[in-house]
1. So, in region 2-18, exactly how many residues are surrounded by 10 or more Cβ atoms within 10 Å (Cβ to Cβ) and either at pLDDT 95 or above or part of a helix (DSSP H, G or I) (or both)?
2. Can you name every residue in region 19-33 that is modelled with pLDDT under 95 and part of a loop (DSSP other than H, G, I, E, B)?
């Protein structure tokens with residue numbers, strides 16, 4: 001069961017984060033890389049991407 005701390009904004013829902021995420025998705029698409037390929041290149045699990 002998860003918990004939520006009242007009064008602490010979630011940075012994953014901010015406008016800045018959404019803009020950043022959209023730029024990353026666009027760059028990955030232009031590079032014709034899958035999430036798995038990006039994760040492999042970074043040496044991270046796919047869930048990191």
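The values are calculated or read from the model by the stated rules, or taken from the named source; none is laboratory data. Note that the coordinates shown come from a computational prediction; the quantities given were computed from them, not determined experimentally. When we count neighbours, we look across all protein chains shown, and the Cβ atoms used for this are built from the backbone with ideal geometry, even at glycine.
1. Residues flagged as surrounded by 10 or more Cβ atoms within 10 Å (Cβ to Cβ) and either at pLDDT 95 or above or part of a helix (DSSP H, G or I) (or both) within region 2-18 amount to 2.
2. none
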